[in-house]
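Participant: Here it is, the structure in full.
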Amino acid sequence: MEMEILRLRIVPLSVEHFRLFLDETEKMELQMGLTPSREIPDEHTRQAMEDLYAKAIAYPEHYYWYTNWQIILKSENKSIGSACFMKDESAPSQVEIGYGTNAKYRNKGFMTEAVQALCKWALQQPYIKCITAETEINNIPSQRVLEKCKMHRYRQTNESIWWKLEKE
């Protein structure tokens, strides 16, 4: 399964490509026929992705909710970021979305385009009724992405703001 939207392709990584994303990102990109981005996940992202990878292996029937989705700029055939869903098996009708954009491609609307498409796809799944997201309190660009995607704030702490989008 792959999504193609205005400027982007969004590709869920296979188990093999997900492992390469974590271990040898450039090799994964070359295997996928992409122009290497020269980006590697930072330690925080890498740890979060390791946890998701373990769930992707453990829950193959829910694979799309645990894999990493590469966001590819069609005009450059290059991965410019990624997104993922995080499913809590105790809340089967809800899924959380997370995302990140490579620095060079920020503030150009790419992530808004990608998150809108991913949320639309997720809400088309018959058992998903709500998508949530968490942003750091000072991450204004990420908050703007969620606002443009019609998400609404529903909780705030000193560190984070929680957002949701419910099926209509």
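The values are calculated or read from the model by the stated rules, or taken from the named source; none is laboratory data. These numbers come from a predicted model, not from an experiment. Note that each Cβ is placed from the backbone with ideal geometry, even for glycine, and that neighbours are counted across all protein chains shown. We work out accessible area using only protein heavy atoms, side chains counted, and drop any ligands, DNA or RNA first. Shrake-Rupley method; radii C 1.70, N 1.55, O 1.52, S 1.80 Å.
Participant: If a/c stays under 1.5 just call it rounded; otherwise compare a/b with b/c (prolate if a/b is bigger, oblate if not). Do that for the stretch 101-168, with a ≥ b ≥ c from the square roots of the Cα gyration tensor eigenvalues.
Facilitator: oblate
Participant: For the chain, with only Lys/Arg (+1) and Asp/Glu (-1) charged at the beta-carbon, what is the dipole magnitude about the Cα centre, in debye rounded to 20?
Facilitator: On the way: 22 positive and 24 negative charges, 150 e Å.
Here the size comes out at about 720 debye.
Participant: May I ask for the net charge around Gly109, where only other residues with Cβ less than 11 Å from the Cβ of Gly109 are counted and Lys, Arg are +1 while Asp, Glu are -1?
Facilitator: Values: positive: Arg7, Arg106, Lys108, Arg144, Lys148; negative: Glu113.
So the environment of Gly109 carries a net charge of +4.
Participant: Further, regarding this structure: Suppose the chain between Asp88 and Asn107 were pulled fully straight at 0.36 nm per residue; how much longer would it get relative to their current alpha carbon spacing?
Facilitator: Once the chain is fully extended between Asp88 and Asn107, it gains 3.8 nm.
Participant: Determine how large the accessible area of Lys120 is when every protein chain is in place; take a 1.4 Å probe and give Å² rounded to the nearest 10.
Facilitator: Here the accessible area works out near 140 Å².
Participant: Let me ask something else. Would you work out which of Val15, Leu30, Ala54 lies farthest towards the positive end of the dipole of the stretch 1-74? Charges go on Cβ: Lys and Arg +1, Asp and Glu -1.
Facilitator: Leu30
Participant: Then there is this: Are there GluC sites (Glu not before Pro) in the stretch 1-72 that DSSP marks as loop and that have at most 14 other Cβ atoms within 10 Å, and which are they?
Facilitator: Within the stretch 1-72, the qualifying GluC sites (Glu not before Pro) (loop, at most 14 other Cβ atoms within 10 Å) are Glu2, Glu24.
Participant: Let me ask you something else. Reachable lysines from Lys120, Cα under 24 Å, same-chain residues fewer than 8 places away excluded?
Facilitator: Of all the lysines, those that pass the test against Lys120 - Cα under 24 Å, at least 8 places apart if same chain - are Lys55, Lys74, Lys78, Lys87, Lys108, Lys129, Lys148, Lys150, Lys164, Lys167.
Participant: If you don't mind, there's one more thing I want to ask. Ignoring ligands, DNA and RNA, what percent of the accessible area of the chain is carbon or sulfur (1.4 Å)?
Facilitator: Answer for the chain: carbon and sulfur cover 50 percent of the accessible area.
Participant: Leaving out ligands and nucleic acids, and using a 1.4 Å probe, what accessible area per residue does the stretch 39-168 come to in Å²?
Facilitator: With all protein chains present, the stretch 39-168 gives 55 Å² per residue.
Participant: Still on this model: For the stretch 1-145, just say rounded, prolate or oblate: build the C-alpha gyration tensor, square-root its eigenvalues into a ≥ b ≥ c, call rounded for a/c under 1.5, and beyond that prolate if a/b exceeds b/c, oblate if not.
Facilitator: Verdict is rounded for the stretch 1-145.
Participant: Let me ask something else. Could you give the length gained on full extension between Glu159 and Lys129, defined as 0.36 nm per residue of separation minus the Cα-Cα distance, in nm?
Facilitator: Answer, rounded to one decimal: 8.2 nm.
Participant: Given axes a ≥ b ≥ c from the Cα gyration tensor, I'd like to know whether the stretch 49-124 is rounded (a/c under 1.5), prolate (a/b larger than b/c) or oblate.
Facilitator: In terms of gyration-tensor shape, prolate.
Participant: Can you give me the Cα centroid spacing of the stretch 1-45 and the stretch 79-127 in angstrom?
Facilitator: About 15 Å separates the Cα centre of the stretch 1-45 from the one of the stretch 79-127.
Participant: Can you list the HN-Hα couplings for the stretch 64-69, worked out from phi with the Karplus curve (6.51, -1.76, 1.60; θ = phi - 60°), rounded to whole Hz and with x for Gly and Pro?
Facilitator: Here the 3J(HN,Hα) series is 4, 7, 10, 7, 8, 9 Hz.
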